[in-house]
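The values are calculated or read from the model by the stated rules, or taken from the named source; none is laboratory data. All figures in this text were calculated on a predicted structure; none of them were measured in a lab. Please note: Cβ atoms are built from the backbone with ideal geometry, for glycine as well, and neighbour counts cover all protein chains shown.
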Amino acid sequence: MSRPRPVTIRQLPMAGVVLLGAALAGCNSEKAAAPPPQQQAQVSVVVLRSKPVAISAELPGRVAASLVAEVRPQVGGLIKSRQFREGSEVKAGDLLYEIDPAPYQAALDSAEAALARAEAAVPNAQAKVDRYRDLIRQNAISKQENDDAVAALAQARADVASARASLDTARINLGFTKVTAPIGGRVDRSTLTPGALVTANQTTALTTIRQLDPINVDVIQSSTNLLKFRSAVAEGRLRFTGPNVAVKLKLDTGAEYAQTGKLEFAEANVDETTGTFTVRAEFPNPDRLLLPGMFVRAVIQEGIAENSFLVPQRAVGRNTKGEATAKFVGPDGKVEERVLATSRNVGNNWLVEQGVKDGDKVIVEGAQLVRAGQTVTGNEVTIDEASGELKAANRQAALPAGQAPGQTAKN
């Protein structure tokens with residue numbers, strides 16, 4: 001009995017081929033239609049906590065010497081010598097210049113002789129008055145002669161007083177030939193050299209002395225900021241730290257000055273043109289790093305904002321109305337977008353007055369990849385204020401650049 005031969009596709013009727021193809025296509029379409037399991041988007045979040053925040057203002061300022069003295073001669077003559085090194089430190093009373101004293105020494109000698117002559121006339125006039133006192137009692141002389149003797153004695157005493165004053169003037173002028181430093185500080189270059197002729201109280205200063213330690217910084221503040229500050233204090237939003245306000249400096253290079261200054265005073269008038277007023281701070285300057293005329297930025301601590309929230313600037317954007325917005329991960333894991341009321345920046349953060357509460361989780365990385373209402377996984381991180389790097393909250397390890405938020409530590 002012969003075996004039946006296998007039937008090939010070519011031998012099947014056309015209808016069978018069509019049904020077989022449809023069955024195979026159905027199996028393939030079922031495999032293609034099964035999507036892979038979709039994972040939730042992962043974002044990095046920072047947990048917000050209320051805390052006291054020190055409010056400071058960074059303002060432009062100029063360095064100014066605490067004391068300035070322009071040295072001018074008080075008598076005329078030839079400069080005999082210069083006794084200081086230009087650019088050095090001098091103390092009050094140090095000799096700077098010496099003017100030829102010869103004519104003033106001669107004037108002093110003449111004044112001394114005039115005083116001696118005036119003093120010599122007094123005893124003779126006094127003796128004459130004493131004799132006339134006895135004679136007038138005896139009516140031996142007239143009353144007019146006695147009055148003349150008394151007047152001559154008074155004139156002689158007045159001549160002594162005048163001669164003594166002239167002597168004092170001559171002695172002072174002789175002392176002025178030695179030009180001394182009125183204050184201590186750093187002395188500038190000399191405008192004149194030995195041999196130059198100077199006059200009393202001339203317009204050109206011989207040199208200038210500036211006291212550099214301590215040194216002042218004049219800061220320009222707007223009257224608008226002052227009104228806002230006082231309003232915040234009055235409403236209780238800001239606690240004033242007291243009269244001893246600390247001031248820090250940022251140099252023109254961006255470096256921070258090591259010494260801390262204190263606020264000295266604020267002007268009592270506002271410039272009508274600019275609407276600003278000047279605030280002066282005083283700083284120690286032992287190394288003479290600060291020099292008059294330098295441009296600096298002063299960081300003045302205005303007060304303490306109690307129970308405040310700081311939101312990282314990298315988490316805040318703007319909507320079409322220009323309002324500040326940020327995305328948060330809610331308790332249900334869904335993204336929600338809120339409008340924030342920001343008042344000022346504090347470092348790399350915004351000080352937010354409305355729109356947040358304690359424990360909120362604000363998205364600081366990955367916000368552009370998610371939308372409101374979407375369920376996400378929030379990985380808690382912290383931000384290094386100095387470098388801006390993200391760190392996993394539970395490991396305090398910096399996240400490498402370009403690492404996906406999903407690779408951070410989970411809550």
Scope segment 136-189; condition touching a residue at least 40 places away in the same chain (Cβ under 8 Å) and among the aliphatic types (A, V, I, L, M); matching residues:
Val160, Ala163, Leu167, Ala170, Leu174, Val179, Ala181, Ile183, Val187
Taking segment 255-266 as the search range and keeping residues that are among the aliphatic types (A, V, I, L, M) and touching a residue at least 12 places away in the same chain (Cβ under 8 Å), which one is nearest to Ala65 (Cα to Cα)?
Leu263
Report, ordered by the first and then the second residue, all pairs with beta carbons closer than 9 Å, sequence separation of six or more or different chains, a first member in segment 267-281 that is at positive phi, and a second member that is outside any strand (DSSP E or B) and not charged (D, E, K, R).
Gly275/Ser223; Gly275/Thr224
So if I check each of Arg237, Arg186, which one is surrounded by 15 or more Cβ atoms within 10 Å (Cβ to Cβ), of a type in the set (Lys, Arg) and modelled with pLDDT under 90?
Arg237
Go through (1) surrounded by 13 or more Cβ atoms within 10 Å (Cβ to Cβ); (2) more than 40 Å from the chain's Cα centre (by Cα) one by one and return the number of the condition Ala161 breaks.
(1)
Among residues belonging to segment 49-76 that are crowded, with 20+ Cβ neighbours inside 10 Å and in contact with an Asp or Glu (Cβ under 7 Å, 6 or more places away or on another chain), point out the one that is farthest from Leu390 (Cα to Cα).
Gly61
Please go through (1) under 19 Å from Gln105 (Cα atoms); (2) among the aliphatic types (A, V, I, L, M); (3) in a loop (DSSP other than H, G, I, E, B) for Ile183 and return the number of the only condition it doesn't satisfy.
(1)
Answer yes or no as to whether Val376 is buried (at least 17 other Cβ atoms within 10 Å of the Cβ), in contact (Cβ under 8 Å) with a residue 12 or more places away in the chain and under 27 Å from Glu58 (Cα atoms).
no
Which residues, taken from segment 312-338, are closer than 16 Å to Val352 by Cα and either outside any strand (DSSP E or B) or over 34 Å from the mean Cα position of the chain (by Cα) (or both)?
Gln313, Arg314, Ala315, Val316, Gly322, Glu323, Lys327, Phe328, Glu337, Arg338
If you take the residues in segment 278-308 that are in a strand (DSSP E or B) and modelled with pLDDT of 90 or more, which one is surrounded by the fewest Cβ atoms within 10 Å (Cβ to Cβ)?
Phe295
Among the listed residues Ala163, Ala154, Ala140, which satisfies the condition of being assigned to a helix (DSSP H, G or I) and more than 14 Å from Ala114 (Cα to Cα)?
Ala154
Right, Arg230: basic (Lys, Arg) and either assigned by TED's automatic domain parsing to the domain that holds Leu291 or surrounded by 12 or more Cβ atoms within 10 Å (Cβ to Cβ) (or both) or not?
yes
